[in-house]
Amino acid sequence: MIELLSYQFMQRALAAGIIISLVCGILSFFVVLRRLSFIGVGLSHAAFGGVALGFFLGVEPTWTAIGFCVAIALLIGMIKHKGKIQEDTAIGIFFAANMAFGIMLIGLSHRYNVDLFGYLFGNILAITAYDLKMITVVGSLVLVITALFFKELLFCSFDEEMAGICSIPAVPLNYLFMVLLSLVIVVSIKVVGIVLVSALLVIPAAAGRQFSSNYRGMLLASVLVGLLSALGGLFLSYRFDLPSGSTIVLLATFIFGLSFLWRLWGPTLYT
Amino acid sequence: MKVLEINNLTVVRDGTVILDNINLELEEGQSLAVIGPNGGGKTTLVKTILGLLQPQAGSIRIMGLPPESVIRKRPGTIGYVAQRAFYDPDFPVSALDVVMMGKYGKIGLLRPVGRKDREEALSCLETVGMANFAFRPIGQLSGGQQQRIMIARSLIIHPRMLILDEPTSGVDAGSQENFYRLLRNLQSALSLSIIQVSHDIALVPSYSDQVACLNKQLFLHGKPDDVMHSDILKQAYGCQVEFLFHGTMPHRTVEEHRETS
């Protein structure tokens, strides 16, 4: 176990895993409370379109993915705000359109050897020093912004209309949250992949919710579940030679199962 | 001083006239019951006063200012209690947390909630008689208790005017009268102006200084007794409305549903 940590790729994997599970754990708290679980799926697939755009244009895919994903996030937010189309309908449309768009661009660029599989399913053991730097910068930025607006985001999650009447800028905060989500999704892609990143934005808080009936306890539990899944998943994937991204998500799902049993039969925590 | 002035207000939504040339005034410290049938535009009126809907014509002034500027620049002028307390009954917050939320806008962005805010929230819970439930998850409280929490939340900013939209729709009949009495007490203790929108024509008017009947048009604006004795209700509801009186307080209604038109 100790010699495991002496490998540089493993150190980077652990650092990336800790940061991403921490950030996803906190964002998942709001995703679950705002019932936005489907949006993780929608935005991570928007990121696929963005990655393909990067390959097509021959620029670093992370940047095109960030731009593309933020644009789609704002568009979904706008559709929700204008209120003529249901949010889940909008996500459903963009979800399919972005995948199709991505695949069409890959086809047009005639580069079938690009490592799309890496983006789809992620490989935390293959992340570079540059990737880790991106994750650290974006992750810290998102953490700080979320902490600064925590009470307002909480109120908007509870009752958006009332928050607006109580002089809280609910609509701009809504957009802000969508942008934060997009940023985290794009940098998480290398770790757990497009397909699985939405799981990390739902499962930790879904489990945390079962452990506590107060948001403080729920938040703490969400972060812990995220960390435990990432570190435990990494260790298990190394030990048993399993794909790391799916091991992390399956471990998180297993913890959710335990938390559900806790809610059924365990004591309720009010803190 | 007038806390609310509405002049020639017309609101159209999706091509339908919901409010037609409404005029209304409320003096400071007075309470007003707006009653009327479902679909009569009561909630639309509330949303327009709160600046959530834009009128097609006419104006609204709250303490002399249009609604949007009051919400944006003077947090703490209007307290609002909605018909449905909140959306997720399983939301993980305690009663005290919910009351403190009312203060968030005033505390401002980037600032944490302090101990003083917490003490204020506790004293608001005491005002509405819910201090013993401060640490209960909000979803475990009854409909009437939840609405008391919502009143406490609206009181934490020391509003001049309280607006309630069908506040007792999820409250059992036995607790409703207690709820109205609480409002009446708050009105005199805090010299609050209160607007309460309700379809409860039996009880609400007897706890208000003035009554207005709303069914697209605002039919009257006067003292409860005058309204109840007049044909105005019949006009607003489009059917016969009779009252059984206990003294001057109408306690029950008997409606005869004959179409008049």
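The values are calculated or read from the model by the stated rules, or taken from the named source; none is laboratory data. Nothing here was measured: the structure is a model prediction, and the numbers come from that model. For neighbour counting, all protein chains shown are included, and Cβ atoms are generated from backbone atoms with ideal geometry for every residue, glycine included. Surface accessibility is based on the protein's heavy atoms, side chains included, excluding ligands, DNA and RNA. Shrake-Rupley method; radii C 1.70, N 1.55, O 1.52, S 1.80 Å.
Annotations
- Within region A:18-50, considering residues that are more than 15 Å from residue A:69 (Cβ to Cβ) and without any contact (Cβ under 8 Å) to a residue 60 or more places away in the chain, the one least open to solvent (accessible area, probe 1.4 Å): A:38
- Filtered residues of region B:12-42 (kept if more than 20 Å from residue B:161 (Cβ to Cβ), touching a residue at least 24 places away in the same chain (Cβ under 8 Å) and assigned to a strand (DSSP E or B)): B:12, B:13, B:17, B:18, B:20, B:21
- Within this structure, residue A:85 passes the test of being surrounded by fewer than 19 Cβ atoms within 10 Å (Cβ to Cβ) and free of Cβ contacts under 8 Å to residues at least 12 places away in the same chain.
- Any hit, region B:109-121, residues being open to solvent by less than 20 Å² (accessible area, probe 1.4 Å), at pLDDT 90 or above and in contact with a strand residue (DSSP E or B) (Cβ under 9 Å, 6 or more places away or on another chain): no
- Top-ranked residue in region A:162-180 [being at the interface with chain B (Cβ under 8 Å from one of its Cβ atoms) and of a type in the set (Val, Ile, Thr); ranked as surrounded by the fewest Cβ atoms within 10 Å (Cβ to Cβ)]: A:165
- Residues considered: B:170, B:129, B:174. Of these, the only one that is in the same structural domain as residue B:31 (by TED's automatic domain parsing) and part of a loop (DSSP other than H, G, I, E, B) is B:170.
Conditions tested, residue by residue: (1) free of Cβ contacts under 8 Å to residues at least 12 places away in the same chain; (2) at the interface with another protein chain (Cβ under 8 Å from one of its Cβ atoms).
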| residue | (1), (2) |
| --- | --- |
| B:80 | no, yes |
| B:94 | no, yes |
| B:111 | yes, no |
| B:122 | no, no |
| B:151 | no, no |
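- Tally of residues being open to solvent by 10 Å² or more (accessible area, probe 1.4 Å) and among the small types (Gly, Ala, Ser) across region A:1-17: 2
- Extreme residue, nearest to the other protein chains (Cβ to nearest Cβ), among residues of region B:55-78 that are crowded, with 16+ Cβ neighbours inside 10 Å and at positive phi: B:76
- Residues that are facing another protein chain (nearest Cβ under 8 Å), free of Cβ contacts under 8 Å to residues at least 12 places away in the same chain and open to solvent by 10 Å² or more (accessible area, probe 1.4 Å), drawn from region A:140-161: A:148, A:151, A:161
- Pick from region B:124-147, criterion more than 22 Å from the chain's Cα centre (by Cα) and open to solvent by 80 Å² or more (accessible area, probe 1.4 Å), ranking: nearest to the other protein chains (Cβ to nearest Cβ): B:135
- Residue B:27 among the acidic types (Asp, Glu), out of contact with any Ser or Thr (no Cβ under 6 Å at 6 or more places or on another chain) and either closer than 25 Å to residue B:211 by Cβ or not assigned by TED's automatic domain parsing to the domain that holds residue B:218 (or both): yes
- Filtering region B:180-210 to residues that are aromatic (Phe, Trp, Tyr) and more than 12 Å from the chain's Cα centre (by Cα) leaves only B:207.
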